[in-house]
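Have a look at the structure below before the remarks.
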Amino acid sequence: MNRETITAAASGTWHLGDLQVNRIGFGAMRLPQTGEALIPDAVPRDRDQAIAVLRRAVELGVNHIDTAAFYFSPLRSANELINRALAPYPDDLVIATKVGPGRDPAGQWLPHATTAGQLRAQVEENLRQLGRDHLDLVNLRVRGTDSIAERFGALAELREAGLIRHLGLSNVTPEHLAEARAIAPVVCVQNQYGLGVRPDHDAFVRACGEQGVAFVPFYAIAGAGGEAGASGTDGDEVLAVARAHGVSPAQVRLAWTLHRGPHVLAIPGTGDPEHLAANVAAGALRLTEDDLAALDRLHHAGAAT
């Protein structure tokens, strides 16, 4: 597989509402810093490198970027890097952000936004940083299992006011999805999921597809490593499939994720141009039935991390 000639179009497309995106996108969480993400003393990434990676992602056909105002290091903000690198934005570029969590200027975490005023302030901060007059997609990031009706309703009002085009949910249960859909359309669910991670989510992933809702897993490569990144170890099944196709284990993980259904999108993030090209190329990897059977057994054994 010659990854240098592969673009994100090879992964296929899905519609987020009326916005068509390639199924391989880009996650901006790791862009502002190196090492572990979302910690106050993160080491800032080289600004020019981060901007170059964003521009290369778009050159490679990526038209779905996931970000948030709370993605920043002491010197770098993901949103402002996106603005600097890509504005004026291509017409087909979809930028998804999320609200709920917040950080103070020093990077310390704040209590989740719960009121309409707090959520509007976060929406407006994303608008300011990105240099937009509206946000393509806003995901409500949820913590816990309590009702989200009031919070989602507040975002639905901002959607009606024209500040937000489409709404999604992050870190939610099927009950949350049902509650939100009774208030306003939901175009995506963004939950942690991957090969060997949360096999109990399989039914929820399928249910999203049946409802026409995109499922956007985060940490699809990192697995249980989460914000700290991949553990560096892979099961024999992953390694065997990687050898058979002449690809990396990370590419196998991404390809397996995309094989979960046509509504499943991937948003791998990196600050490395080589890793970016490899991630995009994973969208062209077609796993065989035998590959999938072996990986599915590993997935349900929970041993892929």
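Please treat every number below as a calculation from the coordinates, not as lab data. Worth saying up front: this structure is predicted, and the values here are computed from it rather than measured. Cβ: placed from backbone, ideal geometry, glycine included. Neighbour counts: every protein chain shown.
Quick look at the values:
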{"item": "Centroid-to-centroid separation of region 75-115 and region 144-191 [C-alpha atoms, Å]", "result": "18"}
{"item": "Low-density loop cleavage sites - trypsin sites (Lys or Arg not before Pro) in region 100-171, where at most 13 other Cβ are within 10 Å (DSSP)", "result": "ARG143"}
{"item": "Spatial extent of region 26-117: Rg and Dmax, with the Cα atoms as the point set, Å", "result": "13.5, 39"}
{"item": "Overall form of region 20-301 per C-alpha gyration tensor (a/c, 1.5; a/b vs b/c)", "result": "oblate"}
{"item": "Estimated 222 nm signal from helices in the chain, with DSSP H stretches of n ≥ 4 weighted -39500 (n - 2.57), rounded to 500", "result": "-10500 deg cm²/dmol"}
{"item": "Contact order relative to length of region 20-301, as percent, for alpha carbon pairs under 8 angstrom and 6 or more apart", "result": "19"}
{"item": "Prolate/oblate/rounded label for region 135-279 (Cα gyration tensor, a/c 1.5)", "result": "prolate"}
{"item": "Tilt relative to the chain, helix 289-301 - C-alpha long axis, 0 to 90 degrees, to 10", "result": "60"}
{"item": "Helix 47-59 vs. the chain, principal-axis angle (Cα, 0 to 90°, nearest 10)", "result": "70"}
{"item": "Charge sum, other residues only, whose C-beta stays under 14 Å from ALA294's C-beta, Lys/Arg counted +1 and Asp/Glu -1", "result": "-4"}
